[in-house]
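Working notes for the structure below.
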Amino acid sequence: MLAFTGSGVDFVSRWLARGFVTAALIYALAEISGAHIDPAVSLGFVVRRAMGVRQMLQYWVAQFAGAFAAAGLAYALWGDRIALGASRPGPDYSYPVAFLAEIVATAFLVLVILLTAGQEASVGKQAALAVGLAVATCGFFVGGISGASMNPARSIAPQVAGGIPYLCWIYFFGPCIGATLGALAMWPLCGPPKHGEKKAARGGG
């Protein structure tokens, strides 16, 4: 039984919560913008040729602006303690291992996103459950290794605000490489991008 005791959140609950939040955001934003809240995922759509570079850069500006605004608010509330909540390698793992974990986890996440986007019946809000479960699953497997970021914006902003920018390379290049590999894997699996993938890239806005 999963329960909040008042002293902390257990490992399973932590990652289920993140998966549920991701699913909720997709339900809320899919029809507006395609729910692009992750720069690595946007890069994956570009590599897949389901979205243009210009659109990706526009998303990146919004994604990083939102992340730094949130990190700024958190810093105003808690100061340098924001670093305690930032993504970082687990205590028993080296930087290269955490880097590899981010590559693998992001490749899996992007592959799930693109595969569901390629199915007309699963485009947009209907993909929320699959993507949310993928996020939670990645957390179960690599959360203790790298923090299972898979999102450069959500990691880099609190790292910079919290005074640990030396970790940024792991959480920018790892997810970006993983997203690229996940998108490239789509070509032998599914061929050229389908209409659903292009629709998922732009949403209804």
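Read the figures in this text as sums done on the coordinates, not as results from a lab. Here the structure is a predicted model, which is why all the values come from computation and not from measurement. Here Cβ is always computed from backbone atoms with ideal geometry, including for glycine, and neighbour counts include all displayed protein chains.
Structure notes:
- Distance-filtered residues of region 128-167 - backbone nitrogen under 19 Å, label point 7 angstrom along Asp10 Cα→Cβ: 136-144
- Sequence-distant contacts, meaning Cα pairs under 8 Å at least 6 residues apart, place the relative contact order of the chain at 38 percent.
- Placing +1 on each Lys and Arg Cβ and -1 on each Asp and Glu Cβ, with no other charges, gives region 50-201 a dipole about its Cα centre of roughly 340 debye.
- Amide H contacts of Ala50 (H built 1.01 Å from N, under 5 Å, at least 5 apart or other chain): none
- Near-label residues of region 162-205 by backbone N, under 12 Å of a point 7 Å along Cα→Cβ of Ala62: 201-205
- Gly162 long-range amide H proximity, modeled H, under 5 Å: none
- Of the residues Gly162, Gly19, Ala86, the one whose Cα sits farthest toward the positive end of the charge dipole of the chain, with +1 on the Cβ of Lys and Arg and -1 on the Cβ of Asp and Glu, is Gly19.
- The residues Thr137, Thr106, Thr116, when put in order of fewest to most other Cβ atoms within 10 Å, stand as Thr137, Thr116, Thr106.
- CD proxy at 222 nm, helix term only [per DSSP H run n ≥ 4: -39500 (n - 2.57); per residue of the chain; nearest 500]: -23000 deg cm²/dmol
- Sequence of Ile26, Ile145, Ile32 once ranked by neighbouring C-beta atoms within 10 Å, starting from the fewest: Ile32, Ile145, Ile26
- Which label in (1) -0.32, -1.31, -1.43; (2) -0.32, -1.18, -1.26; (3) -0.26, -1.17, -1.30 gives the computed log10 I(q)/I(0) by the Debye sum over Cα atoms at q = 0.08, 0.17, 0.18 Å⁻¹: (3)
- Order of Val112, Val53, Val142 under a 10 Å beta carbon neighbour criterion, fewest first: Val53, Val112, Val142
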